[in-house]
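The values are calculated or read from the model by the stated rules, or taken from the named source; none is laboratory data. The model shown is predicted, which means the values in this text are computed figures rather than measured ones. FYI the Cβ positions are ideal-geometry reconstructions off the backbone, even for glycines, and counts take in every protein chain you see.
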Amino acid sequence: MHIPSMKEVVTPEEWQLRCDLAACYRLIAHYGMSDLVFTHISAKLPASITGGAEQFLINPYGLLFDEITASSLVKVDMQCNKLHETPFPVNPAGFTIHSAVHAVRPDVVCVLHTHTRAGVAVSAQKQGVLPISQQSTFVLASLAYHDYEGVAFRADEGPRLQKDLGNANFLMLRNHGLLTCGRSVADAFLSMYVFESTCRIQVDALAGQQGMDGLTPVPQAIVDGTAESMRVQTGGMGGQFVWPTMLRQLDRRDPSYKT
C-alpha cells in the first residue's frame, strides 16, 4: 500500500509528533498489547502549530498497529472530523474516550488505550490492582477506576469518565481494559508498559490463590511514598529516558514507521 509522505506537508514539530506516535503504535504491537484494529492511541498537536485549535492525530481505522506510519496518521478535531485529505477512514466512536480525556486534561498530550488479556482480567477483579509488585506501586501512585457502561460510544458517558479520572494518569476501565495518559507519547507508552506488566504479574500471582491469601503485599508506606519518589527521581514516569532505546529497537527491526 503506497502512502504519500506527509513530511514536506506538515511542520517539523508535527512530523516529529507523527513519528513518535507511529513508533508508539508499532511498540504496542511488538509487546503484544494490540487488539487487531479495535483500540486507539491519540496525540494532541501543540497550540503553537494549530493556532490554539484543538487538533489530534489518531490511527487510520482498519490498519493494524504494526502497519501504522507517520504519514498514515490522520489529523482530526475534537469531534473526530478529518482535517486533511486522506484515503483512510477514522473511527469517531473509538475517539470518544480520548476526546473526553483531552477535553479536561490540558496537561495530557497522549492518551493510550488497550484491551489486553491481562488488563481486562484485572479490570474484572473486584479488588483491582493489588500492591504485590514493584510495578504495581508506580500504578497505584496515580490510579483511578471507571465502571463499565457498555461499548464506549455514547457522549453522555464522558462527564462520568472525566470525574473518575480526575488528575490520575492510570485509569482502569472496569470489564474493559486499561488507559494511560502522559505529557508526551513517551510517558504514555512507558506508563502503559508498566500498567500491563502490573496486570500480567497479578494474574500470574493469583493463579491458584484466593485473593491476597498466600501473597506478600508491599507495605502501604512504600506505596504511599512512590509518587514522591517518581517526581523527584524521574519527573514522572520518566518516558524520556526509555524512549530513545525504544526508537533504536524499532530502527533495528523496521524503520518504516518514520515514512
Please indicate, with yes or no, whether at least one residue in region 158-171 is part of a strand (DSSP E or B), touching a helix residue (DSSP H, G or I) at 6+ places or on another chain (Cβ under 9 Å) and not hydroxyl-bearing (S, T, Y). yes
Test L161 against the criterion of being touching a Cys at 6+ places or on another chain (Cβ under 9 Å) and buried (at least 18 other Cβ atoms within 10 Å of the Cβ), and give yes or no. no
Kindly evaluate V37 against the criterion of being crowded, with 16+ Cβ neighbours inside 10 Å and not in a strand (DSSP E or B). yes
Pair list, Cβ < 7 Å and 6+ apart or interchain, from region 13-32 residues that are in a helix (DSSP H, G or I) to residues that are of a type in the set (K, R) and surrounded by fewer than 24 Cβ atoms within 10 Å (Cβ to Cβ): W15/K7; C19/K258
Given the structure, is D213 more than 23 Å from the chain's Cα centre (by Cα) and of a type in the set (D, E)? yes
Pairs where the first residue, in region 66-87, is closer than 14 Å to H98 by Cα and the second is acidic (D, E), C-beta under 6 Å, 6+ apart: M78/E54
Residues satisfying the stated conditions in region 157-179, i.e. under 13 Å from A100 (Cα atoms) and polar (S, T, N, Q): Q162
Looking only at region 49-108, count how many residues are surrounded by 14 or more Cβ atoms within 10 Å (Cβ to Cβ) and of a type in the set (D, E). 4
Tabulated pairs, region 192-218, first touching a residue at least 60 places away in the same chain (Cβ under 8 Å) and small (G, A, S), second part of a loop (DSSP other than H, G, I, E, B) and buried (at least 16 other Cβ atoms within 10 Å of the Cβ), C-beta under 9 angstrom, 6+ apart or interchain: S197/S133; A205/L130; A205/I132; A205/S133; G211/L130
Which condition does Q249 not pass, out of (1) of a type outside the set (A, V, I, L, M); (2) over 18 Å from R18 (Cβ atoms); (3) exposed (fewer than 13 other Cβ atoms within 10 Å of the Cβ); (4) modelled with pLDDT of 85 or more, if it passes all the others? (3)
Lone qualifier among L206, L179, L143 - being among the hydrophobic types (A, V, I, L, M, F, W, C), under 23 Å from G32 (Cβ atoms) and over 20 Å from the mean Cα position of the chain (by Cα): L206
In region 99-133, how many are outside any loop (DSSP other than H, G, I, E, B) and either among the basic types (K, R) or out of contact with any helix residue (DSSP H, G or I) (no Cβ under 9 Å at 6 or more places or on another chain) (or both)? 2
Considering residues of region 66-93 that are outside any loop (DSSP other than H, G, I, E, B) and of a type in the set (D, E, K, R) only, the residue farthest from C19 (Cα to Cα): K82
In region 40-58, what residues are under 23 Å from V242 (Cα atoms) and part of a loop (DSSP other than H, G, I, E, B)? H40, L45, P46
